[in-house]
Amino acid sequence: MTSKANENGEFKEVRLQVPVKQEDLEKLEIGTIVYLDGIIYTGREGVYKRVLEEGYDIPLDLPALSNVNFHCSPAAAIEPDGTYNVGGVTATASFRFAKWMTGWFNKSGAKVIIGKGGMSSEQYKELYVPAGAVYLTTVGYGTGALLGRGIKKVRQVEWFKELGNAQAMWVFEVENFGPFIVDSDLKGNSLFEQEGKKINKKLDKLYEGLKKPALSRYGETDDRSDELI
Amino acid sequence: MISNKTIQDTAYQIMGKAAIDIPQDYRKGIEFMVQKEDGLSKFVLKTMMENWDAATEDRRPMCADSGLPRYYVKIGNDAKFEGGPIGIERALREATAQATHDIPLRPNRVHPLWRTDHNNNVGINSPEIDWSFEPDVDWIDITTVHKGGLFGTDYRMLFPGDGIDGIKRFFLDTMVSFGKRGLACQPAVVGIGLGGSKDTTMVLGKQAACLRTVGEANPDPEIAKLEEELKTLGNEIGMGAQGFVGASMVADCHIEVGYTHTGGMPMSVHMFCLSSRRATARIHADGKVTYRTDPNWFTPYMRRETTGWEQ
């Protein structure tokens, strides 16, 4: 089911406690607006490689501490006295991380992935549905200041030295952290894909009447024997 | 004599302004577009406007992917400054490192192979500094732009026979491919480079996207007409913010041209996003500094066609 806006143009909104409970996950429909309270952590290719390929133990008690993994690198600095200064946080494009997701779900018990741009519905069905996980997309995608406001405290930073600021595991205490939009529910439906299909229907008409380019190029054909530039 | 310290302090200031405060011209463009939207695309645009307010109120970056900070420097032909061009480059690199820590910005810059990160957005060939010059004045303009680095840009060698159809086709290709799932963080200021040699095409398109304001037309009326036509075409795709169904893809379209090889018509497309971060400062000869958001980069001198220059 897709969440629909009411007559005032407002979408269904929910506020969830982290770790997110099974019953809360079941209620999420694609298109629902979500805000979170509790503890979340960042993890992207640096963390995935270190845990899943190099065999390091996750330095956090997951999923007891949190079952929400944010594909994010914060705009943040560690001060000389060891305190943290978090400016903004926004997500990074998630499709690049598909190959690690099953391994990560198994190791971390994550049930909610927050990121940018989502994945395909095939990937949701293949990777997320068996793990009982949903995908939330950030909005815009640049709501760095709004999300930064939702971070109440940096609880800890792991692997800062080993992975650097952008790839380290940042653990945040968050309050009313959002908004996010449900892109994939527990069944693996995808909001992006549904919207994309509606848009695709009109594309042919858009190109109607435009003549072909003088020379084609790779991408327009798969035949490498064609003459291309 | 403009001191090196003034240059560094000024560059530091505009780094913060660019990262935090959305330029008014862009904001007005989005306020106009949101009226025509409904559904998810409208929700996204309204949330983005709330985000700009939050950024300005809290003095925090509007987007955590604080892009690849870089500079555009325009030096008056009569400007006198301490330390020479090397001094300016040093000041801009210092300002970048300091601002990255203090604002804070995300230290996005890494070595392409070893992924080495100095945590300060400074490294080999970064930040980029583009230079230009202006006759008969004694000031220095410094603009910083923080543009995202991954999506929304493409290049193609077209030929004269491809004509306007070819331009439209490549424009649509780029809008559709990067607009899906909103990877270009649209609605964007779309900059198009036409002509020059290949590298010039890329530079002109990028500068058109990042250094011209929403609502500003090319002084050539025929090019201005094409800008308007492409903007309309982009907004008729049926795609809105974040790749949802809608009509807001292009906040504005800017074209810049350069004389090119007689056999070709190279074209580039660049999309400057919902966090269109730019800020400019003018350092006057007496050391006074004034701030603005219109870079005023493409002066009549920049677009000159003649061998010499008389105004």
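Checking each residue in the stretch A:167-187 for being among the acidic types (Asp, Glu) and facing chain B (nearest Cβ under 10 Å) picks out only A:183.
Taking the criterion of being small (Gly, Ala, Ser) and touching a residue at least 40 places away in the same chain (Cβ under 8 Å), the residues of the stretch B:61-112 that qualify are B:64, B:66, B:67, B:76, B:79, B:83, B:87, B:91, B:95, B:99. For the stretch B:65-85, the set of residues classified as polar (S, T, N, Q) and either in a strand (DSSP E or B) or surrounded by 21 or more Cβ atoms within 10 Å (Cβ to Cβ) (or both) consists of B:66 only.
Answer yes if at least one residue in the stretch B:270-287 is charged (D, E, K, R), touching a His at 6+ places or on another chain (Cβ under 7 Å) and more than 24 Å from residue B:20 (Cα to Cα), and no otherwise. Looking through the stretch B:270-287, none of the residues is charged (D, E, K, R), touching a His at 6+ places or on another chain (Cβ under 7 Å) and more than 24 Å from residue B:20 (Cα to Cα). Output the residues belonging to the stretch B:207-243 that are within 14 Å of another protein chain (Cβ to nearest Cβ), in contact with a Phe, Trp or Tyr (Cβ under 8 Å, 6 or more places away or on another chain) and under 19 Å from residue B:31 (Cβ atoms). Hits for the stretch B:207-243 are B:234, B:242. Go through the stretch A:1-12 and give me each residue that's closer than 18 Å to residue A:184 by Cα and either modelled with pLDDT of 95 or more or in a loop (DSSP other than H, G, I, E, B) (or both). Residues satisfying the conditions are A:1, A:3, A:4, A:5, A:11, A:12.
Screening residue B:22 on (1) touching a strand residue (DSSP E or B) at 6+ places or on another chain (Cβ under 9 Å); (2) β-branched (Val, Ile, Thr); (3) in contact (Cβ under 8 Å) with a residue 24 or more places away in the chain; (4) not in a loop (DSSP other than H, G, I, E, B) shows it passes everything except condition (4). Considering the conditions (1) at pLDDT 95 or above; (2) part of a loop (DSSP other than H, G, I, E, B); (3) small (Gly, Ala, Ser), residue B:163 is excluded by exactly one of them, (2). Candidates B:286, B:294: the one that is more than 28 Å from residue B:158 (Cβ to Cβ) and free of Cβ contacts under 8 Å to residues at least 60 places away in the same chain is B:286.
Looking only at residues of the stretch A:181-229 that are touching a helix residue (DSSP H, G or I) at 6+ places or on another chain (Cβ under 9 Å) and aromatic (Phe, Trp, Tyr), we find that the one that is surrounded by the most Cβ atoms within 10 Å (Cβ to Cβ) is A:192.
Yes/no matrix, rows are residues, columns are (1) more than 20 Å from the chain's Cα centre (by Cα); (2) away from chain A (no Cβ under 14 Å); (3) closer than 24 Å to residue B:271 by Cβ:
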position	(1), (2), (3)
B:50	yes, no, yes
B:65	no, no, yes
B:130	no, yes, yes
B:162	yes, no, yes
B:166	yes, no, yes
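Highlighted here are the strands (runs of 3 or more DSSP E) found entirely within the stretch B:243-296 that include at least 2 residues which are buried (at least 24 other Cβ atoms within 10 Å of the Cβ): B:250-258, B:265-272, B:277-283. A single member of A:117, A:164, A:148 is at pLDDT below 95, over 19 Å from residue A:45 (Cα atoms) and within 14 Å of chain B (Cβ to nearest Cβ), and it is A:148.
Checked against the criterion of being more than 19 Å from the chain's Cα centre (by Cα), crowded, with 21+ Cβ neighbours inside 10 Å and touching a residue at least 60 places away in the same chain (Cβ under 8 Å), the candidates A:118, A:43, A:87 yield just one match: A:87. When you look at residue B:108, is it closer than 16 Å to residue A:76 by Cβ, in contact with a Pro (Cβ under 7 Å, 6 or more places away or on another chain) and either within 14 Å of chain A (Cβ to nearest Cβ) or at pLDDT below 95 (or both), yes or no? The answer is no for residue B:108. Number of residues in the stretch B:142-155 that are assigned to a strand (DSSP E or B), surrounded by fewer than 23 Cβ atoms within 10 Å (Cβ to Cβ) and either in contact with an Asp or Glu (Cβ under 8 Å, 6 or more places away or on another chain) or away from chain A (no Cβ under 14 Å) (or both): the value is 1.
Each residue in the stretch B:52-63 was checked for being facing chain A (nearest Cβ under 7 Å), under 20 Å from the mean Cα position of the chain (by Cα) and outside any loop (DSSP other than H, G, I, E, B), and 1 pass.
The values are calculated or read from the model by the stated rules, or taken from the named source; none is laboratory data. Given the structure is predicted, the values throughout are model-derived calculations rather than measurements. Every residue, glycine among them, receives a Cβ derived from its backbone with ideal geometry; neighbour counts consider all protein chains shown.
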